[in-house]
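> Could you have a look at this structure, given as structure tokens, before my questions?
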Amino acid sequence: MASGQQWVLVEMVQAFYEAPAYHLILEGILILWIIRLLFSKTYKLQDSSDLTEKEIEEIIEEWQPEPLVPRMSKEKPAPSYNIVSGPPCHKITVNGKQCINFASFNFLGLLDNDRVKNQALQSLRKYGVGTCGPRGFYGTFDVHLELEDRLAKFMRTEESIIYSYGFATIASAIPAYSKRGDIVFVDEAACFSIQKGLQASRSHIKYFKHNDMEDLERILKQQELEDQKNPRKARVTRRFIVVEGLYMNTGAICPLPELVKLKYKYKVRIFLEESLSFGVLGQHGRGVTEHFGVNIDDIDLISANMENSLASVGGFCCGRSFVIDHQRLSGQGYCFSASLPPMLASAAIEALNIMEEDQDIFRLLRDKCKHIHKELQGILGLKVVGESISPAFHLQLEQSSGSRESDVRILNRIVEYCMDRKIALTQAHYLEKEEKFLPPPSIRVVVTVEQTEEELEMAANLIKEAAQNILQ
């Protein structure tokens, strides 16, 4: 036993002499640091304060907690809201004044349609007001399944899934598929709900210039070269292109045929957000795929809200069955939110019936869009931003005044000028600190089938008059 201990001691001494110098120095420093921590006091207790009781009370009285939110500056007061009383249909009552509505996304005029309201009332009497539970917990009603089936048939896809909140639809769909380490190529003009979905996915985001397919291909080529350097990682990395059919922030239509070519060339998936283009573009209102004659199977996922053309609430996604079924367990807005109230699902079904029965409604909407676009050309100081067939487009200042706040005030004066003369417009509002690429200030003009030619011309002339009086 003694000889064994001596042998261990000899080995330790031998290892000590054979160890490199930096190793010995590092161990010595660590030993000294441990000794210092053991024998030194990390803090000093103070039995008594140097302040008198009066001084302590004065400090307590003077102390003020930090505000929960930053204080509003005088130049940027708190937002004030226009109060609507009655349905926001063709004629809208704002702050007690009845105006012609050029602000609400009631494109097909179905919000106050008698057939839609009657179906909603019948459903209200049968099912009650809400659902009080998500789809997986007694929140699935027969009208939900019927609406999903009808939407899938209307869009000519295998399956669809509905959400109870339009904003949450694409914001839930993106992180259901794209995860940390995946790559998403996104248009710079993507709407805020897409941005929130990207943020939740924690994927690697690469932005390309708005509707610039050359810039997108440049980024795709760069990614292809990076993948060649690390093919093992590339095999497990999913890649997505996320675009809007008709962009909320610009009123522009995405070049879908070119996107499909890039999809197959660089092996990426396409997610298409059609909240504005659904019920607007195409002969039957099926959106940008029908507008361009693109095979809908070339698009991996289509999403849209039901809050515009269908004049209801919520949203839907449609595509192949295996793609849609994945959201039933992974779509956060689907799994954790109370399901769509049955009366709103019934209203959406009846709105679909009307869209299928009256296909001229889409041609009529496009004609009215072209008419007001033509009337608004050549306004001194303002420029029209958006496609001529877009029912939601923007009026921007041709030349900025020098500050965003000043531009907002100028445009607001134009809106108020029109409101005083019974034309209801609105400014496009953004969360300035949250937007990735903040759009310039603008007035958003919305066209519906209910507006007459005389009203369209009256609105255009009034906007011209306001611009002449305010911008000169």
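The values are calculated or read from the model by the stated rules, or taken from the named source; none is laboratory data. Quantities reported herein were computed from a predicted structural model and do not represent experimental measurements. With ideal geometry, Cβ positions are generated from the backbone for all residues, glycine too; neighbour counts draw on all protein chains shown. Heads up: the accessible areas ignore ligands, DNA and RNA and are worked out on the full protein's heavy atoms, side chains in. Shrake-Rupley method; radii C 1.70, N 1.55, O 1.52, S 1.80 Å.
> Condition (residue is closer than 25 Å to S104 by Cβ and open to solvent by 40 Å² or more (accessible area, probe 1.4 Å)) applied to segment 292-308: is it met by at least one residue? Reasoning before the result, please.
Restricting attention to segment 292-308, the residues satisfying the condition of being closer than 25 Å to S104 by Cβ are 302-308.
Subset that is open to solvent by 40 Å² or more (accessible area, probe 1.4 Å): 307.
There is at least one residue in segment 292-308 that is closer than 25 Å to S104 by Cβ and open to solvent by 40 Å² or more (accessible area, probe 1.4 Å).
> Could you identify the single residue in E159, E146 that is in contact with a helix residue (DSSP H, G or I) (Cβ under 7 Å, 6 or more places away or on another chain) and open to solvent by less than 70 Å² (accessible area, probe 1.4 Å)? Let's see the steps before the verdict.
Values: E146 fails: open to solvent by less than 70 Å² (accessible area, probe 1.4 Å).
The unique qualifying residue is E159.
> Do we find that Y81 is out of contact with any His (no Cβ under 9 Å at 6 or more places or on another chain), under 30 Å from V447 (Cα atoms), at pLDDT below 85 and not in a helix (DSSP H, G or I) in this structure?
On the way: out of contact with any His (no Cβ under 9 Å at 6 or more places or on another chain): yes; under 30 Å from V447 (Cα atoms): yes; at pLDDT below 85: yes; not in a helix (DSSP H, G or I): yes.
It is true that Y81 is out of contact with any His (no Cβ under 9 Å at 6 or more places or on another chain), under 30 Å from V447 (Cα atoms), at pLDDT below 85 and not in a helix (DSSP H, G or I).
Rundown of residues vs (1) in contact (Cβ under 8 Å) with a residue 40 or more places away in the chain; (2) at negative phi; (3) out of contact with any Asp or Glu (no Cβ under 8 Å at 6 or more places or on another chain); (4) open to solvent by less than 10 Å² (accessible area, probe 1.4 Å), yes/no style:
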residue	(1), (2), (3), (4)
D187	yes, yes, no, yes
A190	yes, yes, no, yes
K196	no, yes, yes, no
D215	no, yes, yes, no
R218	no, yes, yes, no
R232	no, yes, yes, no
I241	yes, yes, yes, yes
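> On the basis of being touching a Cys at 6+ places or on another chain (Cβ under 8 Å), touching a residue at least 60 places away in the same chain (Cβ under 8 Å), open to solvent by less than 30 Å² (accessible area, probe 1.4 Å) and among the aliphatic types (A, V, I, L, M), does I324 make the cut? Lay out the reasoning, then the answer.
Values: touching a Cys at 6+ places or on another chain (Cβ under 8 Å): yes; touching a residue at least 60 places away in the same chain (Cβ under 8 Å): yes; open to solvent by less than 30 Å² (accessible area, probe 1.4 Å): yes; among the aliphatic types (A, V, I, L, M): yes.
Yes; evaluated as a whole, the condition is true for this residue.
> Follow-up. Consider segment 419-449. How many of its residues are closer than 13 Å to C99 by Cβ, open to solvent by 40 Å² or more (accessible area, probe 1.4 Å) and in a loop (DSSP other than H, G, I, E, B)?
Matching residues across segment 419-449 total 2.
> Which residues, counting only those in segment 378-406, are under 13 Å from V447 (Cα atoms), among the polar types (S, T, N, Q) and in contact (Cβ under 8 Å) with a residue 24 or more places away in the chain?
Residues of segment 378-406 that are under 13 Å from V447 (Cα atoms), as a first pass: 386-394.
If we keep only those that are among the polar types (S, T, N, Q) too, we end up with 388, 390.
S390 - this is the single residue of segment 378-406 that is under 13 Å from V447 (Cα atoms), among the polar types (S, T, N, Q) and in contact (Cβ under 8 Å) with a residue 24 or more places away in the chain.
> Hey, among N101, N82, N113, which residue is within 27 Å of the chain's Cα centre (by Cα) and under 23 Å from R366 (Cβ atoms)? Walk me through it before giving the result.
Working: N82 fails: under 23 Å from R366 (Cβ atoms); N113 fails: within 27 Å of the chain's Cα centre (by Cα).
After applying the criteria, what remains is N101.
> Starting from segment 257-281, take each residue that is within 17 Å of D212 (Cα to Cα) and at pLDDT 95 or above and list its partners that are assigned to a loop (DSSP other than H, G, I, E, B) and among the aliphatic types (A, V, I, L, M), counting only C-beta distances under 7 angstrom and pairs at least six apart or across chains.
Listed pairs, sorted by first residue: P257/V294; V260/V294; I270/I299; L272/I299.
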